Amino acid sequence: MATEHLFEGSLAWAGQPESQPFDAQHWNRSTRLSFEGGATIEASSPPVFGGDGALPNPETLMIASLMQCHFLTFMAFAVRKGMRVTAYDDRATGRLGMKDGRMRFVEVVLRPRVAMADAPPAAVLADMHQKAHQHCFMSNSVNFDVRVEPATTP
């Protein structure tokens with residue numbers, strides 16, 4: 001694997017509707033994020049900051065990035081070990097708070113649930129999650145705690 005990769009994205013804001021005042025309370029926070037390959041995401045800020053709750057926001061996208069990275073890394077380890085995963089889901093939470101005088105993420109907790117064709121011993125599964133966490137590019141890139149609290153499905 002190469003030691004460096006470049007990823008690109010773009011953000012477009014359509015502007016403020018003429019029918020709405022352009023002030024701190026009413027400005028349009030919705031954008032379109034675009035990425036290589038054609039993927040696009042309509043996004044906003046969270047409702048607590050005046051955005052559209054029906055759209056993803058930087059905070060939920062951060063959580064999604066960490067969940068997706070852990071999933072992909074876990075699956076890579078499972079494939080290498082010849083272990084067949086039959087289901088995987090995650091329910092994560094992220095907490096914003098004041099730290100060092102700034103509002104920022106202070107913690108994200110991932111709660112992956114994994115079902116496997118031949119369930120390994122709990123210690124093996126815990127080790128796989130630990131290794132996935134240690135090797136996840138995204139969790140290695142953030143300056144807040146990312147905890148993994150895995151559970152298995154029967």
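The values are calculated or read from the model by the stated rules, or taken from the named source; none is laboratory data. Computed from a predicted structure; not experimentally measured. Note that we place each Cβ from the backbone using ideal geometry, even for glycine, and neighbour counts take in every protein chain shown. Just the protein is used for accessible areas: all its heavy atoms, side chains included, with ligands, DNA and RNA removed. Shrake-Rupley method; radii C 1.70, N 1.55, O 1.52, S 1.80 Å.
Please check: in the Gaussian network model of the chain (C-alpha springs, under 10 Å), which one of 85, 48, 114 has the largest mean-square fluctuation. Checking each option, the largest mean-square fluctuation is seen for 48. Helix 58-80 sits at what angle to the longest principal axis of the chain, using alpha carbons and giving 0 to 90 degrees rounded to 10? The answer is roughly 20 degrees.
Charge tally around residue 20: other residues with Cβ under 14 Å, Lys/Arg +1 each, Asp/Glu -1 each, net -2. Treating the angle as unsigned and between 0 and 90°, give the value, to the nearest 10°, between the Cα long axis of helix 122-135 and the longest Cα principal axis of the chain. Value to nearest ten degrees: 40.
Remark: the chain carries 67 Å² of accessible area per residue (probe radius 1.4 Å; ligands, DNA and RNA excluded).
Overall, the accessible surface of the range 94-154 at a probe of 1.4 angstrom is composed of carbon and sulfur to the extent of 51 percent. The separation of the range 88-154 from the range 16-62, counted between C-alpha centres, amounts to 27 Å. Backbone amide hydrogens, once placed in the peptide plane, bring residue 92 within less than 5 Å of 111, excluding anything fewer than 5 places away on its chain.
Taking all protein chains together and rolling a 1.4 Å probe, residue 8 ends up with roughly 110 Å² accessible. Size of the chain: Rg and Dmax of its alpha carbons, in Å, are 18.9, 61. A full extension of the chain between residue 61 and residue 48 corresponds to an added length of 3.1 nm, given 0.36 nm per residue minus the alpha carbon distance.
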